[in-house]
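Comments concern the structure below.
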């Protein structure tokens, strides 16, 4: 694959969307009937980020944010992707980056089908798994520090220093 523009051409043909193109900011949107949208973002000439909204995880409280971080760290359904938050709007997303340089047209088609399976998973089971880890409330990120203080997590003891037995030294 030459670059992300070549990838867009492959997706145009696969999906029958001749109008699919990046806007001036390097973004494109594929609207899925009754399932939201898949967003494509050109990060670099050969790096593409695919993402989709997870409205069931919007505006997370501290417990929900921890559950999302745990899903990222432990690979709970995120695979090579990650859960992310747009803090200005409180929106949750699933994101996955592709290096398109080594991909063939067949790879793009196959990987896009797999991405579609991730969309379906996170639209149902994936969101439910994270919701089971934490019950969301209406508190937003601005309330997180209050929750930590209320729980007695004052952390004004200075920096953490690794013990001398710690294997990595700078």
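Where a number appears in this text, it was derived from the coordinates with a stated rule and is not lab data. Remember, predicted model here, so these are calculated numbers, not experimental data. Glycine gets a Cβ as well: all are built from the backbone with ideal geometry, and neighbour counts include every protein chain shown.
For the reader, a short list of remarks on this structure follows.
- Whether the range 4-135 is rounded, prolate or oblate, judged on the alpha carbon gyration tensor where a/c under 1.5 counts as rounded: prolate
- A simple spin-label model places the labels of residue 31 and residue 109 2.7 nm from each other, with each point 7 Å out along Cα-to-Cβ.
- Modelled label positions at residue 95 and residue 74, each set 7 Å beyond Cα in the direction of Cβ, lie 2.3 nm from each other.
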